[in-house]
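Participant: Just dropping this structure here.
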Amino acid sequence: LAKTTQPISMDSYEGQEVNITCSHNNIATNDYITWYQQFPSQGPRFIIQGYKTKVTNEVASLFIPADRKSSTLSLPRVSLSDTAVYYCLVGDNPGQGFQKLVFGTGTRLLVSP
Amino acid sequence: GAVVSQHPSRVICKSGTSVKIECRSLDFQATTMFWYRQFPKKSLMLMATSNEGSKATYEQGVEKDKFLINHASLTLSTLTVTSAHPEDSSFYICSAEDSSSGNTIYFGEGSWLTVV
């Protein structure tokens, strides 16, 4: 299982860009990197997924270096509503046609006014 | 994006009874679904992998006779907590893999179980 390591918590202010970096040194060739956001008492919400280089969607960007041993989630101009826990996951493909996601500790982001 | 729905969102049951939680993929078929539990301020813990038409695969330390998983169709998996005890009270979350969109995994809204 690829293990991920991310900061336990981060603080930011409204309007700032937030970058959360995740380490996944043992990522396998077939693994994708996926980031989720979770609010209290809700299921995780998909943010972005990538395999290599850079991926951008309407809410975030994901930067993945060539060795894929880390990734950085970039949230532009955060607002108070971005206060949540952010999880970085890499899929474990047990050879049965699906990937299994095992959650790490996540990063608790607090956005202040 | 794809939608995964859980029902009920909240349930209270008495000790010793059983309770069933449903997980449905609303706009895609999912041969594989996953069940997690989460305690307050903790991360999600994978309980089992639910495979359509076959037995679920349980993670180490998860009692398969206590947490019965059935995946009878490509859009529905159920988790039944049998002979519930107060320590089973938790937030249960399911997820489903959408193989038509890069194997992205989507999560349900979660179900709060309180055993009294």
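The values are calculated or read from the model by the stated rules, or taken from the named source; none is laboratory data. What you see is a predicted model, and the numbers here were worked out from it, not measured in a lab. No Cβ is skipped: glycine too gets one built from the backbone with ideal geometry, and neighbour counts run over all protein chains shown.
Okay, residues lined up against (1) over 16 Å from A:Q6 (Cβ atoms); (2) within 12 Å of chain B (Cβ to nearest Cβ); (3) without any contact (Cβ under 8 Å) to a residue 60 or more places away in the chain:
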{"position": "A:Y36", "(1), (2), (3)": "no, yes, yes"}
{"position": "A:T72", "(1), (2), (3)": "no, no, yes"}
{"position": "A:Y86", "(1), (2), (3)": "no, yes, no"}
{"position": "A:F103", "(1), (2), (3)": "no, yes, yes"}
{"position": "A:V111", "(1), (2), (3)": "yes, no, no"}
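Participant: Could you list all residues from the range A:17-29 that are surrounded by 13 or more Cβ atoms within 10 Å (Cβ to Cβ) and in a loop (DSSP other than H, G, I, E, B)?
Facilitator: A:H24, A:I27, A:A28
Participant: Given the criteria more than 12 Å from every other protein chain (Cβ to nearest Cβ), surrounded by fewer than 16 Cβ atoms within 10 Å (Cβ to Cβ) and at pLDDT below 95, does B:S73 qualify? Please lay out each step first, then the result.
Facilitator: On the way: more than 12 Å from every other protein chain (Cβ to nearest Cβ): yes; surrounded by fewer than 16 Cβ atoms within 10 Å (Cβ to Cβ): yes; at pLDDT below 95: yes.
Yes: the conditions hold for B:S73.
Quick grid of which residues meet (1) away from every other protein chain (no Cβ under 13 Å); (2) of a type in the set (A, V, I, L, M, F, W, C); (3) in contact (Cβ under 8 Å) with a residue 60 or more places away in the chain:
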site: A:T21; (1), (2), (3): yes, no, no
site: A:H24; (1), (2), (3): yes, no, yes
site: A:T29; (1), (2), (3): yes, no, no
site: A:I33; (1), (2), (3): no, yes, no
site: A:G43; (1), (2), (3): no, no, no
site: A:Y51; (1), (2), (3): no, no, no
site: A:N57; (1), (2), (3): no, no, no
site: A:D82; (1), (2), (3): yes, no, yes
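Participant: Considering the range A:22-57 alone, what residues qualify as being charged (D, E, K, R) and over 30 Å from B:H7 (Cα atoms)?
Facilitator: Correct list: A:D31, A:K52, A:K54.
Participant: Could you list, in sequence order, the residues of the range A:43-63 that are over 19 Å from A:V78 (Cα atoms) and buried (at least 16 other Cβ atoms within 10 Å of the Cβ)?
Facilitator: A:G43, A:Q49, A:G50
Participant: Only residues that are of a type in the set (S, T, N, Q) and more than 16 Å from A:K69 (Cα to Cα): list them for the range A:3-18, please. Show your work before the answer.
Facilitator: Start the filter on the range A:3-18 by keeping residues that are of a type in the set (S, T, N, Q), which leaves A:4-6, A:9, A:12, A:16.
Those that are of a type in the set (S, T, N, Q) and more than 16 Å from A:K69 (Cα to Cα): A:S9, A:S12, A:Q16.
Participant: Quick one: how many residues across the range B:49-64 are among the hydrophobic types (A, V, I, L, M, F, W, C) and buried (at least 21 other Cβ atoms within 10 Å of the Cβ)?
Facilitator: Counting residues in the range B:49-64 that are among the hydrophobic types (A, V, I, L, M, F, W, C) and buried (at least 21 other Cβ atoms within 10 Å of the Cβ) gives 1.
Participant: Within the range B:21-42, can you find the residues that are part of a strand (DSSP E or B), at the interface with chain A (Cβ under 10 Å from one of its Cβ atoms) and under 28 Å from A:S9 (Cβ atoms)?
Facilitator: Residues satisfying the conditions are B:F34, B:Y36, B:Q38.
Participant: Considering the range B:88-105 alone, what residues qualify as being surrounded by fewer than 19 Cβ atoms within 10 Å (Cβ to Cβ) and in contact (Cβ under 8 Å) with a residue 24 or more places away in the chain? Even if it seems obvious, please write down each step before you answer.
Facilitator: Taking the range B:88-105 and keeping what is surrounded by fewer than 19 Cβ atoms within 10 Å (Cβ to Cβ), we get B:89, B:99-103.
Selection gives B:S89, B:S99, B:S100, B:S101.
Participant: Which ones in the range B:76-110 are facing chain A (nearest Cβ under 8 Å) and of a type in the set (D, E)?
Facilitator: B:E97, B:E109
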